[in-house]
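Everything on this sheet refers to the single structure shown next.
Values quoted throughout were computed directly from the atomic coordinates according to the rules given, and no laboratory measurement underlies them. Note that the structure is a prediction, hence the values are computed from the model and not measured. So basically every Cβ, Gly included, is an ideal-geometry build from the backbone, and we count neighbours across all protein chains shown.
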């Protein structure tokens, strides 16, 4: 049998405990990872076997350096000046938030440093980007999620690659936000152009 003090304590604490349960539903959920693959025809402008990177020039003149996956067996055969078709694998890991949970501000931070000693020059660069997209579609049966940048841009559909992420898809609703917390872009194949 409950004593009078217990009933008073329950009546005082009950309103305080209920919002805690409600707030728990508005917490971000970690664990959705997507993989998108695409390719481009480019000209090789530099190869660094030690860093496993390749610099390429795109048809529009843009020059970019990409990390090459350890699974690319023919990386040692890549030659400067060669026209190739490269395939990319773009992996993104996200934090899912419902529409009531605040998300971090978008940001893109890059740091570049160089040092010289005699004829030797070395450099390092690092970048981190945090971006939040809106969910405009979700298909748990196909393991896909469709996103758009709130500031505009194309609507993109991504394949959810991990079982943990697939298990979370039924919880995703249109209007939720996905914030990228980790991204990895790798060259997964290099093939000479005929």
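Numerical summary
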read-out	value
Residues that are free of Cβ contacts under 8 Å to residues at least 60 places away in the same chain and touching a strand residue (DSSP E or B) at 6+ places or on another chain (Cβ under 6 Å), drawn from the stretch 144-155	144, 146, 147, 148, 149, 150, 155
Elements of type strands (runs of 3 or more DSSP E) contained in the stretch 127-194, each with 1 or more residues being closer than 18 Å to residue 89 by Cα and more than 12 Å from the chain's Cα centre (by Cα)	144-148, 156-160, 177-192
